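All remarks here apply to the structure that follows.
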């Protein structure tokens with residue numbers, strides 16, 4: 001629950017900007033990104049833009065050093081807007097290294113556009129390969145496989161992913177067409193609370209790579225050091241603690257780290273597509289009571305937001321968002337409805353709220369950042385919820401190595417550069433290492449070993 005100071009800020013923002021308003025805490029976004037990188041240090045984080053495509057959120061992710069998972073050309077261009085100022089060579093390098101178009105089905109017209117930019121794209125069937133060969137022969141490919149989604153809030157395997165038994169055959173077809181296959185991707189389902197899904201998916205991926213090697217297929221890419229590597233995209237599904245029964249991300253990260261190390265020989269480049277994990281708990285909605293009635297003995301509140309807007313996540317994401325009152329009072333079971341003329345616009349029949357709230361009073365709901373505004377609509381002519389950013393600009397956060405750089409530009413996000421900095425700093429004017437610098441060098445070497 002939020003504290004008194006945070007409640008005051010939310011009320012002030014609602015008074016200033018009107019309601020409904022979604023307040024995005026960019027400092028929390030930064031914390032989530034750093035937590036992900038800290039706990040999965042060898043896994044490159046591709047922010048799943050579909051979770052929340054607000055341009056300011058994308059900009060913060062870009063500033064933190066994130067890569068991006070896009071599922072439409074519109075999402076691709078939202079990311080591209082952050083790199084269009086770069087020199088052409090750097091811009092293209094960013095696309096190659098930091099963007100994956102992770103929608104396995106793409107219209108021919110979009111493939112033609114993508115071929116100009118040459119990003120990494122996913123596929124899972126022969127008909128898609130034919131389209132790609134004809135319309136985007138210069139893109140790089142990752143094969144998505146079907147994996148178990150048991151225990152996940154949102155199931156994806158019924159729509160996406162080739163059967164693992166057919167995966168190598170499909171890779172071979174792509175290579176025969178002259179297309180480059182760089183690796184495998186999978187998705188265990190969104191908001192996954194069954195961590196064995198990841199273990200099974202990694203095992204399937206390992207087996208497919210081994211079979212491809214036995215059949216002499218050239219899968220992968222050559223990295224900057226000349227080593228042949230394969231993309232291992234472990235998708236998303238990283239759980240957010242909406243309720244106490246959701247398992248710990250820390251435990252999941254330990255399992256993923258150990259399984260990747262156990263199953264692969266250091267010749268894979270692990271990437272992931274966290275979306276919900278980055279944005280869910282960084283956003284809080286403030287909404288206003290616009291009507292009140294008693295129906296069948298139950299207090300009913302009518303709000304200026306509902307399931308056709310920010311609460312759309314209840315429908316499409318199968319998530320619930322309990323409402324809370326800024327005012328104190330004895331809580332009773334109440335019903336909450338959205339503003340439209342559709343009875344389907346029911347937020348909850350069992351929110352626990354004071355019964356004496358009045359028209360004009362404010363309510364709030366936490367953890368509203370993922371798959372909420374992303375699926376809102378203009379139904380009945382109601383405009384989507386306003387989005388307001390707080391803590392948009394990061395305070396200067398110097399890296400403890402003493403380089404004078406921000407932590408995000410040093411340390412874990414750029415190990416090679418960090419090592420070089422420490423090497424230069426570790427020598428005093430007489431060419432001898434001080435005890436302090438020796439200690440710092442050991443830290444860097446430990447970071448490198450973990451990678």
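The values are calculated or read from the model by the stated rules, or taken from the named source; none is laboratory data. Keep in mind it's a predicted model, so treat the numbers as computed, not measured. Backbone-built Cβ (ideal geometry, glycine too); neighbour counts: all protein chains shown.
Table for the structure above
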| item | result |
| --- | --- |
| Number of the condition not met by residue 259 [criteria: (1) out of contact with any helix residue (DSSP H, G or I) (no Cβ under 6 Å at 6 or more places or on another chain); (2) within 19 Å of residue 239 (Cβ to Cβ); (3) part of a helix (DSSP H, G or I)] | (1) |
| Strands (runs of 3 or more DSSP E) contained entirely in segment 333-451, each with at least 3 residues that are modelled with pLDDT of 95 or more and more than 29 Å from the chain's Cα centre (by Cα) | 346-354 |
| Qualifying positions in segment 97-131 - more than 23 Å from residue 172 (Cβ to Cβ), out of contact with any strand residue (DSSP E or B) (no Cβ under 7 Å at 6 or more places or on another chain) and in contact (Cβ under 8 Å) with a residue 40 or more places away in the chain | 113, 117 |
| Residue identified as surrounded by 20 or more Cβ atoms within 10 Å (Cβ to Cβ) and either outside the structural domain of residue 93 (by TED's automatic domain parsing) or more than 18 Å from the chain's Cα centre (by Cα) (or both) among 183, 266, 226 | 183 |
| Selection from segment 164-202 of residues that are assigned to a loop (DSSP other than H, G, I, E, B) and touching a strand residue (DSSP E or B) at 6+ places or on another chain (Cβ under 8 Å) | 179, 180, 186, 187, 188, 189, 193, 194 |
| Any hit, segment 76-85, residues being buried (at least 18 other Cβ atoms within 10 Å of the Cβ), assigned by TED's automatic domain parsing to the domain that holds residue 181, more than 26 Å from residue 190 (Cα to Cα) and in contact with a strand residue (DSSP E or B) (Cβ under 6 Å, 6 or more places away or on another chain) | no |
| Residue in segment 270-285 that is touching a residue at least 60 places away in the same chain (Cβ under 8 Å) and surrounded by fewer than 21 Cβ atoms within 10 Å (Cβ to Cβ) present | yes |
| Test result for residue 236, outside any strand (DSSP E or B) and loosely packed, with under 15 Cβ neighbours inside 10 Å | no |
| Qualifying position, being surrounded by fewer than 17 Cβ atoms within 10 Å (Cβ to Cβ), under 17 Å from the mean Cα position of the chain (by Cα) and more than 18 Å from residue 184 (Cβ to Cβ), among 109, 72 | 72 |
| Scan of segment 163-173 for residues that are more than 22 Å from residue 194 (Cβ to Cβ) and surrounded by 19 or more Cβ atoms within 10 Å (Cβ to Cβ), ordered by number | 167, 168, 170, 171 |
| Hits in segment 20-49 - residues which are more than 19 Å from residue 370 (Cα to Cα) and surrounded by 14 or more Cβ atoms within 10 Å (Cβ to Cβ) | 37, 39, 40, 41, 42, 43, 44 |
| Qualifying residue in segment 316-323 (condition: crowded, with 21+ Cβ neighbours inside 10 Å and not in a loop (DSSP other than H, G, I, E, B)) | no |
